[in-house]
Structures are given as structure tokens and as C-alpha cells.
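Working notes, beginning with the structure itself.
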């Protein structure tokens, strides 16, 4: 498993945190931590899943996600 850290802009409430968490889960992420205060998401994924794939999945739900690590 590799760690991926995304900067996520546009989250305004705990509902947003829940949505981002669910999107990452659907992509196979585990050990997901999404912080509204920091505007970040951290998770672990199989090396076959690219960090960019995760960022694009989150972006499709109306947020701006950029890869910081992974």
C-alpha cells in the first residue's frame, strides 16, 4: 500500500467530508482521513491506483483536488 495526500478545496461541512471519504473508498482507498479544517485527505491505496486517479474522482464531485504526495 502507498500513501496518498490530496489537497481538497471546496469542502464546507461534514457532509463534504463524508462525500470525499466515500469517493476515496469507492476507488479502493483504506485508512482514509479527511480534514475539513486542513482541507486535506490522506489515505492508503494499492500501488496500481494512481494518486491522480483519486484526485480526478474527487474533482468529479465538485471539489478541487490536487496531489501533494503519492
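Can you give the angle from 0 to 90° between the axis of helix 14-26 and the longest principal axis of the chain, with both taken from C-alpha atoms, to the nearest 10?
20 degrees
Please give the calculated 222 nm ellipticity per residue for the chain, where each DSSP H segment of at least 4 residues contributes -39500 (n - 2.57) and the sum is spread over every residue; nearest 500 deg cm²/dmol?
Computed mean residue ellipticity for the chain: -9500 deg cm²/dmol.
Considering the Cα trace of the chain, what is its radius of gyration and what is Dmax, both in angstroms?
For the chain, the Cα radius of gyration and maximum Cα-Cα distance read 10.4, 31 Å.
Take 40, 11 and order them by how many other Cβ atoms sit within 10 Å, fewest up front.
Going from least to most buried by this count: 40, 11.
Obtain the nm distance between the two label points defined at residue 66 and residue 3 by a simple spin-label model: each point lies 7 Å from its Cα along the Cα-to-C-beta direction.
2.1 nm
Every number here is computed from the coordinates shown, using simple stated rules; none is lab data. All figures in this text were calculated on a predicted structure; none of them were measured in a lab. All Cβ positions, glycine included, derive from the backbone under ideal geometry; neighbour counts span all protein chains shown.
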